[in-house]
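Trainee: Dumping the structure here so I can ask a few things about it.
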Amino acid sequence: MVALARKTLVYEWRRYLPASLAVAFSGMLLLVQLALVFGIFDSAAVYINASRGQIWAGYPGTQSIDLGRSIPRDAEVHLLMNPQVAQVEPFQWVNGDWRGSRALGSVSVFVSGIDPAATGLVFARAIPPALRARLNEPGAIIVDRADLPKLGIAVGQSGILNGQRVYLVGTTGGLRALGGVNIVTSLATAERLNAGGDLRPAYYVARLRDPARAEAVAAQLDPHGRLRRYAVWTAPTLAARTVHYWLFETGAGLGVVFMSLVVFLVGTVITSQTLMGAVAGSISEYATLNALGASHRALSRVVMEQAGWVGVAGLAGGGILSALVLALAHSQDVPVGITLPGIAACATLVMGITMLSGMLAVRTLRNADPARLLR
Amino acid sequence: MSESIAIRARDIGKGFTVGKVTTRVIEGLHVDVLAGELTLLSGPSGCGKSTLLAILSGLERPDAGSVMALGEPVWALDRRALQRFRLHHIGFVFQGFNLFPALDAVEQVELPLSYLDLGAAETRRRAEAALDEVGLAHRRHMRPAELSGGEKQRVAIARALAKRPQLLFADEPTSALDSISGQTVIDILHRAARAHGTMVLCASHDPRLIAHADRVLRMEDGRVLTDEHHPHPPIGLDVSR
Ligand SMILES: Nc1ncnc2c1ncn2[C@@H]1O[C@H](COP(=O)(O)OP(=O)(O)OP(=O)(O)O)[C@@H](O)[C@H]1O
Ligand SMILES: [Mg+2]
């Protein structure tokens with residue numbers, strides 16, 4: 001069997017290059033936008049994902065972690081009474097107003113009050129114990145290093161937060177929040193910053209003896225009933241609620257779907273135009289084959305095989321492009337989140353682009369009428 | 001030499017409608033074309049030579065009449081049967097060579113053979129033999145871009161001959177070639193008719209070819225006006241130079 005499709009692709013690669021590039025860029029756009037959106041959602045749930053502990057208790061109906069309200073202190077006791085619970089820790093949430101250097105004016109920030117103990121749960125994955133211990137100093141704060149320009153200070157310098165002087169004792173990574181700056185302090189400092197506000201914490205975080213039983217324990221711990229004053233979730237559930245909230249309430253999810261459609265459409269238009277042009281350029285050769293007895297189906301297979309190879313080349317190119325772009329984003333502390341299902345979805349869409357383009361190009365084969373060769 | 005009738009066409013009529021005007025191109029045409037002969041269809045431009053070729057070869061459906069090719073009623077076959085008939089029995093040589101730029105000469109010839117499911121070895125053997133027959137064995141690994149016009153046409157002829165068709169149709173096979181290449185091409189077609197008993201029907205208004213044909217059908221206004229047999233047309237013997 002003569003490998004017509006492959007030989008033509010190799011020999012006339014210039015002709016097919018635009019199609020492969022269109023596929024590669026479509027794949028890259030799809031994956032990068034997905035990674036960015038996942039990255040943003042991950043940063044919306046950073047309080048959960050950067051913490052240890054499997055159980056979160058918070059205000060009933062809280063849709064997103066950043067919308068928490070104070071809950072009664074007896075929740076802590078209630079959680080501790082369950083034999084499965086090994087440790088409970090409050091998480092204080094205070095809205096703040098930052099004033100660093102005069103030039104930057106005021107910045108609205110989220111203040112997270114956490115337990116500075118070495119065994120503390122909240123932000124345990126983001127803040128190493130030595131740095132965490134420094135929060136014991138009154139007025140000590142920690143921020144993500146990427147937020148420093150917004151705050152206008154360096155480590156060791158001070159700024160005014162809710163009218164109180166605070167000191168930056170260190171920076172770390174993985175603390176970036178959506179729509180504001182995360183400032184981490186001790187519970188005591190947070191209480192001082194929240195003077196006049198509700199001093200009760202917004203969440204209690206619990207660590208279980210057996211993390212695998214989180215679902216069952218959360219169901220046991222949830223007070224149920226319409227009049228409950230707090231609710232209990234597993235960490236992934238609260239994180240998913242937060243992601244869901246951002247996805248649908250903000251319109252970001254629709255944006256992703258819409259952008260994907262646009263990319264799909266543009267990719268398909270360019271790829272199919274290129275393939276159609278290639279078919280049209282060889283139409284009398286195809287017609288000759290048809291005259292000599294090759295069926296239209298056999299010719300369609302050649303075109304579809306070409307589309308397939310264009311897709312494979314584009315997929316490889318798109319993979320490399322995406323890796324480069326995402327590496328760049330990562331190095332610039334732009335939050336990106338890549339998941340295997342995300343990659344699989346993008347690859348499927350990309351192959352969908354090429355197959356649809358192939359089918360459109362196959363329609364051009366209808367012009368391969370051998371009678372036209374006789375004139 | 002066989003005197004059997006390869007194609008018998010009766011009462012062929014064909015018109016083309018462009019806009020509101022219908023032009024009758026072929027009108028009540030009868031013709032028998034014999035196997036083992038090179039039959040030349042000549043006549044002025046626009047007289048319907050190509051159209052007749054398309055009708056006889058199963059590419060263009062006539063408005064009226066019947067075509068029996070190798071005993072099969074061509075225009076009574078359905079699309080797939082007609083395609084199979086072409087695959088197994090008909091070869092074409094067109095004015096444009098229509099070779100795939102990416103394939104070398106052997107692959108050009110192998111490509112249509114591959115639809116016959118002969119197996120790789122037999123396909124290759126036949127392709128090489130066909131290239132040898134047209135005197136291009138030494139060019140077998142060259143692509144169209146590296147071949148002259150005459151060589152390209154010979155590859156196209158090898159492609160048509162490799163599947164050993166009983167019917168070979170050629171439309172202006174020499175008109176894009178210089179006279180020596182044209183001479184070579186017509187000799188190859190002629191010898192194919194003699195050697196394999198193939199019916200070769202060649203449409204051309206090239207007067208140089210008339211002397212080389214076994215039979216000349218002169219067409220005018222959609223009819224065959226004259227039908228001349230040449231008992232012993234000359235055949236050039238050396239094509240491989
Ligand atoms: N598909 C078509 N649509 C309309 N008219 C056509 C079509 N095909 C052929 N014709 C007309 O039919 C007539 C005969 O055409 P044909 O191609 O058979 O001529 P020909 O004898 O091969 O001429 P030439 O020697 O120039 O190749 C011409 O007048 C042409 O305009
Ligand atoms: Mg013609």
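What follows is calculated from the coordinates using simple rules that are stated; it is not laboratory data. Note that this is a predicted model, so its numbers are computed, not measured. So basically every Cβ, Gly included, is an ideal-geometry build from the backbone, and we count neighbours across all protein chains shown.
Trainee: Which one of A:Gly196, A:Gly113, A:Gly58 has the biggest mean-square fluctuation once chain A is modelled by GNM with Cα springs under 10 Å?
Mentor: So, out of A:Gly196, A:Gly113, A:Gly58, the one fluctuating most is A:Gly196.
Trainee: Moving on. Report the residue, chosen from B:Leu118, B:Leu82, B:Leu217, that carries the largest GNM mean-square fluctuation when chain B is represented by alpha-carbon nodes joined by springs under 10 Å.
Mentor: Fluctuation is largest for B:Leu118.
Trainee: Give the lysines whose C-alpha is closer than 29 Å to that of B:Lys49, dropping any in the same chain fewer than 8 places away, or say none.
Mentor: Partners within reach: B:Lys14, B:Lys20, B:Lys152, B:Lys163.
Trainee: For the stretch A:91-146 and the stretch A:18-69, what is the separation of their C-alpha centers, rounded to whole Å?
Mentor: Centre-to-centre distance over Cα atoms comes out at 22 Å.
Trainee: When only Cα pairs under 8 Å and 6 or more residues apart are kept, what is the percent relative contact order across the stretch A:45-249?
Mentor: Averaging sequence separation for qualifying contacts and normalising by length gives 37 percent for the stretch A:45-249.
Trainee: OK, next. Have a look at A:Asp66, A:Asp210, A:Asp97 and tell me which one the Gaussian network model of chain A (Cα, springs below 10 Å) gives the largest fluctuation.
Mentor: Result: A:Asp210 has the largest fluctuation of those listed.
Trainee: Sticking with this one: Return the whole-Å distance between the Cα centroid of the stretch A:290-322 and the Cα centroid of the stretch B:150-225.
Mentor: Centre-to-centre (Cα) distance: 36 Å.
Trainee: What ratio of Cα Rg to 2.2 N^0.38 Å holds for chain B?
Mentor: 0.99
Trainee: Using a basic spin-label model with each label point 7 Å from the Cα along Cα→Cβ, how many nm lie between B:Ser66 and A:Arg73?
Mentor: It works out to 10.8 nm between the two label points.
Trainee: Quick one: what are the phi-derived ³J(HN,Hα) couplings along the stretch B:113-126, Karplus 6.51/-1.76/1.60 with θ = phi - 60°, whole Hz, x for glycine and proline?
Mentor: 5, 5, 7, 8, 6, 8, x, 4, 5, 5, 4, 5, 4, 5
Trainee: Over all directions, how big on average is the projection of the convex hull of the alpha-carbon atoms in the stretch B:1-127, in square nanometres?
Mentor: With the hull built on Cα positions only, its mean projection is 10.5 nm².
Trainee: Using Cα pairs closer than 8 Å and at least 6 residues apart in sequence, work out the relative contact order for chain A, in percent.
Mentor: Relative contact order for chain A comes out at 30 percent.
Trainee: Quick one: compute the contact order of the stretch A:240-375, relative version, from alpha carbon pairs under 8 angstrom and 6+ residues apart, as a percent.
Mentor: Worked out over the stretch A:240-375, it gives 46 percent.
Trainee: Continuing with this model, one more query. Using just the helices of the protein assembly as shown, give the 222 nm mean residue ellipticity in deg cm²/dmol: DSSP H runs with n ≥ 4 each add -39,500 (n - 2.57), and the total is spread over all residues, rounded to 500.
Mentor: Only helices count here, giving -14000 deg cm²/dmol.
Trainee: So, one more: Hey, what D do you get for the protein assembly as shown in µm²/s if you plug the Kirkwood alpha-carbon radius into Stokes-Einstein at 25 °C and 0.890 mPa s?
Mentor: Reported coefficient: 80 µm²/s.
Trainee: Okay, next question. Over what distance in Å are the Cα centres of the stretch A:193-262 and the stretch B:77-103 separated?
Mentor: The distance from the Cα centre of the stretch A:193-262 to that of the stretch B:77-103 comes to 68 Å.
Trainee: Which angle between 0 and 90 degrees, to the nearest 10, do you get for helix B:149-161 versus the longest principal axis of chain B when only C-alpha atoms count?
Mentor: Value to nearest ten degrees: 80.
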